[in-house]
Amino acid sequence: MRTTVILAGALLLAASLAQAGQAPVEAKNAWARPGTRGGNSAVYMEIHNAQAQPDRLVAAGTDVAEAVELHETRMEGGMHRMHKVEAIEIPANGRVELRPGGLHVMLIRLNTALRVGDRFPLILRFERAGRLTVEVLVREQAAAGEYR
């Protein structure tokens, strides 16, 4: 009985969001740095959460890399250091920016070189919203560290 009530509530929420034309979670402006085969790269984007509850990005995957991890760059002892994180929190009705020097999706041991202008799919998995596939554009970072 309880499972039926929970399932019915989830279906009602999904239907209302679909009617509003709004996905529960959207990723915008996804881009990655160029990289050589066997090397690493990183993916950056804006993640928007239209849900009334917070969500969490818990995993990501792509065929262009052997491993994909969620990372955060932090300043430690005057140096920038990357750390793996379990999840990236996205606030209710809010957004999170994955950007150089902060949160990002790390592509480890690239299976193929990533050249400027290439595109590839990245699958994001959220705790509440489920799976979302985004197209990632490979490009250079702007000189000031901002998006081009």
**Request:** Could you look through segment 48-102, keep only residues that are free of Cβ contacts under 8 Å to residues at least 40 places away in the same chain and among the basic types (Lys, Arg), and pick out the one that is farthest from Leu114 (Cα to Cα)?
**Result:** Arg74
**Prompt:** Among Ala50, Ala113, Ala92, which is the only one that is in contact with a strand residue (DSSP E or B) (Cβ under 9 Å, 6 or more places away or on another chain), under 23 Å from Val25 (Cβ atoms) and either surrounded by 14 or more Cβ atoms within 10 Å (Cβ to Cβ) or among the acidic types (Asp, Glu) (or both)?
**Reply:** Ala50
**Asked** Is it true that Val68 is under 21 Å from Pro34 (Cβ atoms), touching a Gly at 6+ places or on another chain (Cβ under 9 Å), surrounded by 14 or more Cβ atoms within 10 Å (Cβ to Cβ) and not hydroxyl-bearing (Ser, Thr, Tyr)?
**Response** yes
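Read-outs throughout are calculated quantities, based only on the coordinates presented, and are distinct from any laboratory measurement. Computed from a predicted structure; not experimentally measured. Cβ atoms come from the backbone with ideal geometry, glycine included; neighbour counts cover every protein chain shown.
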